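Asker: This is the structure I want to talk about, given as structure tokens.
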Amino acid sequence: MFGTAPQCEDSHRPTPWEVADLHIREVLAIELKSRDKSLELQAAEYERRLEGLNHEAARISAAAEKAVSLEKFEGYVGLQETHNANTDRFIAKYNATVDQLRSDQNKLRNMTMTWLALVTAILAVVTILLKAWAI
């Protein structure tokens, strides 16, 4: 790594470079195992989340199938507005007809009262004349 490690006279005893190299290899092995475990855990977590998203996508899709499209909703709103306008026109015509009928009823009542007064007056005159001729 940083050059050749010096050899020690005793071949059974490791040199400091060899000890350091072994230590670095052990630390790297632990780090690699740790990283591999982290990656496995992360992959499992991603898979769990994706599974949840798949269920959510299916739920959203099912809800979208039940939902009314914007075009249909706007068409419905248009029909409702037309219906409301037609109903308003019908009510206005109905009220105008009722007002006209009430006006006609009042005119007929007034005419009836006039004719009743006229007939009453004629009957009174006839009665007076009959009494006068009967004497």
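All of the numbers you see were taken from the coordinates with simple rules; none came from a lab. Keep in mind the model is a prediction, meaning the values are calculated, not measured. Methodologically, a virtual Cβ is constructed for each residue, glycine included, from the backbone with ideal geometry; neighbour enumeration extends over all protein chains shown.
Asker: Helix-derived [θ] at 222 nm for the chain: sum -39500 (n - 2.57) over DSSP H runs of at least 4, divide by residue count, nearest 500?
Answerer: -32500 deg cm²/dmol
Asker: If one takes the longest principal axis of the Cα atoms in the chain, at what angle in degrees, from 0 to 90 and to the nearest 10, does the Cα axis of helix 16-66 lie?
Answerer: 20 degrees
Asker: A follow-up question, please. Which one is right for this structure if Rg and Dmax of the Cα atoms in Å is calculated from it: (1) 16.5, 58; (2) 54.3, 180; (3) 14.6, 50?
Answerer: (2)
Asker: Taking other Cβ within 10 Å of each residue's Cβ, how do 17, 133, 115 sort, fewest first?
Answerer: 133, 115, 17
Asker: Output the Kirkwood hydrodynamic radius of segment 28-88, Cα pairs only, in Å rounded to one decimal.
Answerer: 16.2 Å
Asker: Placing unit charges on C-beta atoms (Lys and Arg positive, Asp and Glu negative, everything else neutral), compute the dipole magnitude of the chain about its Cα centre in debye, rounded to 20.
Answerer: Dipole of the chain, to the nearest 20 debye: 2100 debye.
Asker: Here is a further query. Any chance you could give the angle, 0 to 90 degrees and rounded to 10, that helix 70-134 forms with the longest Cα principal axis of the chain?
Answerer: The answer is roughly 10 degrees.
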